[in-house]
Amino acid sequence: MDDGYAAFAEIYDAWQRTFGPDYSDLIAPRVEARLERWAPGARTVLDLACGTGTHALAQARRGRRVIGVDLSEAMLRQARAKAAAAGLAIGCIRADMRTFQLGTRVDAVTCLYASLNHLAGPDELAQTFTLVRADLNPGGAFIFDLNTAAGFAALWRMPAHNAGPGFRVDRTFTFAADSPWTVMHLRIERAGRGATDRARRPRAPLEGAPPGGPSRTDRSVGPPVVTTTTLRARWFHNEEVASALVQAGLRRVDLEPFNPFPEVSGDAIKQLWTAAREG
């Protein structure tokens, strides 16, 4: 599992917002309802594949102690910066969720943004779930989402070009009809890094202007910075997910199909799973 997110970690949050309402806002009520139901009074949360820390920070704002784990150091830098700006404390650990061991137990584990869809297959799913169980207190809850086959089809129908302040992202997909895998190729174009600095740096005063008066500003924009990256993800059959939970010693307690994309028809674009450790 490569760190395909490093190439655009700095603009990841802004890029996500170009698709519509922030997914973290859409998923938060569902996650909280499941925590209240299956891990009432949860005080400690492990957020696997925490990315830029949006969900981890939401949990911290509720007074919970949160540890975020992600494979991408670039994404974790964004998470740390956001936490510092918000005056919140979250632990940020760079690690692979397939091999990570916390060394202590928490009341709940979350893994959102379809992060588990990056795993290679059912064996890696079971391996990750087994480590999750080891990190959970008895009675703790594991809440995770997955993109379905219909969800990946929906991604192909969404806009292939997204632009925000100072950036543009172009997406193309490759997939095979007889394979669960989807490969997303991204081309990220950002304004030249010197452009903003030059735009803010005053030059000589305008002719005839008094000292301290209006001055020219260099508005030139440098060449764009272009990077490319590739993200690979796959969908799983429900039976594969359920079997992986059983192998890990976790009990499925809830499964909700839902659709966070108003512009896409269908109600099974994503699934939110909840599992419990009973002993």
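A few notes on this one:
- Between helix 238-248 and the chain: long-axis angle, C-alpha atoms, 0 to 90°, nearest 10: 70 degrees
- Summarising the amide proton neighbourhood of G68: residues at separation of 5 or more, or on other chains, whose placed amide H is nearer than 5 Å comprise D47, G91, C92, I93.
- The stretch 1-57 shape via C-alpha gyration tensor axes, a/c threshold 1.5: oblate
- Bridges between two residues of the chain, per DSSP, are antiparallel at a rate of about 70%.
- In degrees, nearest ten, helix 122-135 long axis to first principal axis of the chain (Cα): 90 degrees
- Computed from the Cβ-Cβ distance with R0 of 35 Å, the FRET efficiency linking A268 to R17 stands at 0.90.
- Nearest-ten-degree value, helix 73-86 long axis tilted from longest Cα axis of the chain: 80 degrees
Bear in mind these aren't lab numbers, they're just calculated from the coordinates by the rules spelled out. Note that the coordinates shown come from a computational prediction; the quantities given were computed from them, not determined experimentally. Cβ coordinates were reconstructed from backbone atoms using ideal geometry, including for glycine residues, and neighbour counts include every protein chain displayed.
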